[in-house]
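> Sharing a structure, written as structure tokens. Questions coming.
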Amino acid sequence: MVVLSQPALEPFSVIKTCKPIGLFSEIPVIDLTDPHAKTLIIKACEEFGFFKLVNHGVPMELMTKLEALANSFFNLPQPEKDKAGPPDPYGYGNKKIGPNGDVGWVEYLLLHTNPQILSQKTSIFQENPQIFRSAVEDYMLEVKRMTFEVLELMADGLEIESRNVFSRLLRDDKSDSCFRLNHYPPCPELQALSGGNLVGFGEHTDPQIISVLRSNNTTGLQICLKEGTWVSVPPDQTSFFINVGDILQVMTNGRFTSVKHRVLADPLKSRISMIFFGGPPLSEKIAPLPSLMAEREGSLYKEFTWFEYKSSAYTSRLADHRLGLFEKTAGQ
């Protein structure tokens, strides 16, 4: 085993706590088949911006097959993985997160959900790239179906007349959605040296409408509660975890909370996560929905396009308050 020296820690963030953060037992659990699901989803989005989804209908074999293929890729020699990078932003990335100095104990593969763009970035899979492409496409077909249902239940729960007000943005052929595979390698040497927890992916909110995450059974995901407390999310490889994104917070005029979250690396076990980020078309104008604003209630946000917000978000640091530039000030 190679023992790493202290300078090797310098680019990475370390979270030091007096005592470990216990697993949070109050994460809302939504059964997609529950007749009251729409009401429970609204409550979870208002209180946490986050919930766990069970009885979702996505076959477990699709999840495990894609996870196995992802493990095979991340276990390749580094020079082989590097052939799929650098990210532009799609492709393989390692430790660097974005262009502005953020780093994490993570490697990833970011893919567009458009099959043509997807195929260009999976040609490096030596054995049979078609197997990987098919696994991603099969998985995404089911995850999108589930996501559309969740978004339509949200609209029902908010009593919006057009129940596709959110889902249509993801169904659109020009939807700017993406899919990310994250691998957080175990790091016992760094853990021993630091005396704390190594940050795999630093604190941030997701810019898109919604994020749909599935991971293996390794801990690491944490969310920040409204009072500022970080809590650890119990892993569950059979379920999905749903994040409210910045765009959904804007469209609900702040009624839903875009949840701040981070991932800490495990000292002994690797973590694999698979995330679908549902984004609108680049030209889509984003503003609070008038039907969700009470009488005399003003919009909290300026109108902007997804392209404008995405451009701003991806030139910021992870922990920046990205929506701040688009919030209305007094008198606007």
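> Hey, if you put +1 on the Cβ of every Lys and Arg and -1 on every Asp and Glu Cβ in the chain, which of ASN197, PRO59, PRO28 ends up farthest toward the positive end of that dipole?
Farthest along the dipole direction, towards plus: ASN197.
> Just how many % of Cα pairs in the chain lie over 34 Å apart, if you round to the nearest whole percent?
Pairs farther apart than 34 Å: 22 percent.
> Next question. Only helical DSSP H runs with n ≥ 4 go in: add -39500 (n - 2.57) per run for the chain, normalise by residue count and round the 222 nm mean residue ellipticity to 500 deg cm²/dmol.
-8500 deg cm²/dmol
> Taking the Cα centre of the chain as origin, sum charge times position over the Cβ atoms of Lys and Arg (+1) and Asp and Glu (-1), and report the length of that vector in debye to the nearest 20. Please list the in-between numbers first.
Numbers: 33 positive and 39 negative charges, 99 e Å.
Using only the charged Cβ atoms, the result is roughly 480 debye.
> Right, here's the next one. How much net charge surrounds ILE27 when only other residues with a Cβ under 11 Å from its Cβ are counted (Lys, Arg +1; Asp, Glu -1)? If you can, show how the numbers build up before the last one.
Numbers: positive: LYS52; negative: GLU26, GLU47, ASP236.
Neighbour charge sum, excluding ILE27 itself: -2.
> Give the long-range amide H neighbours of GLN208: residues separated by 5 or more places, or on another chain, with amide H under 5 Å away, using H modelled in the peptide plane at 1.01 Å from N.
ASP246, ILE247
> Right, something else. Whole number in Å², please: accessible area per residue of the chain, 1.4 Å probe, ligands, DNA and RNA not counted. Intermediate values should be presented prior to the final figure.
Numbers: 15440 Å² over 332 residues.
Solvent-accessible surface per residue comes out at 47 Å².
> Still on this structure, please answer the following. Divide, for the range 220-305, the radius of gyration over alpha carbons by 2.2 N^0.38 Å, where N is the residue count.
Values: Rg = 16.5 Å, N = 86, 2.2 N^0.38 = 12.0 Å.
So the Cα radius of gyration is 1.38 times the expected 2.2 N^0.38 Å.
> Ok, one more. From the cross-link list LYS174/LYS269; LYS260/LYS328; LYS95/LYS144; LYS226/LYS328; LYS65/LYS285; LYS83/LYS302, which pairs have alpha carbons spaced over 30 Å apart?
Where the Cα-Cα span goes over 30 Å, the pairs concerned are LYS174/LYS269; LYS65/LYS285; LYS83/LYS302.
> Grab the other residues whose beta carbon is less than 11 angstrom from that of VAL259, score K and R as +1, D and E as -1, and report the net.
-1
> Looking at the calculated P(r) for the range 122-276, what percent of the C-alpha pair distances fall above 28 Å? Walk me through the intermediate numbers first.
On the way: 3577 of 11935 pairs.
In whole percent, the long-distance tail amounts to 30.
> Now a separate question. Give the carbon-plus-sulfur fraction of the accessible surface of the chain in %, rounded to a whole number; probe 1.4 Å, heavy atoms of protein chains only.
Carbon with sulfur: 53 percent of the solvent-accessible area.
> Work through the residues other than LYS328 whose Cβ is under 11 Å from its Cβ and net out their charges, Lys, Arg +1 and Asp, Glu -1.
On the way: positive: LYS302; negative: GLU303, GLU327.
Result for the local shell: -1.
> I want to verify the translational diffusion coefficient of the range 151-239 in µm²/s; compute it with Stokes-Einstein, Rh as the Kirkwood radius over Cα pairs, at 25 °C and 0.890 mPa s.
149
> Let me ask something additional. For Cα pairs less than 8 Å apart in space and 6+ apart in sequence, what is the mean separation divided by the residue count of the chain, i.e. the relative contact order in percent? Mind dumping the intermediate values first?
On the way: 637 pairs, mean separation 71.2, N = 332.
Reported relative contact order: 21 percent.
The values are calculated or read from the model by the stated rules, or taken from the named source; none is laboratory data. Remember, it's a predicted structure, so these values are computed and weren't measured experimentally. Virtual Cβ from ideal backbone geometry, glycine too; neighbours counted across all protein chains shown. Surface accessibility is based on the protein's heavy atoms, side chains included, excluding ligands, DNA and RNA. Shrake-Rupley method; radii C 1.70, N 1.55, O 1.52, S 1.80 Å.
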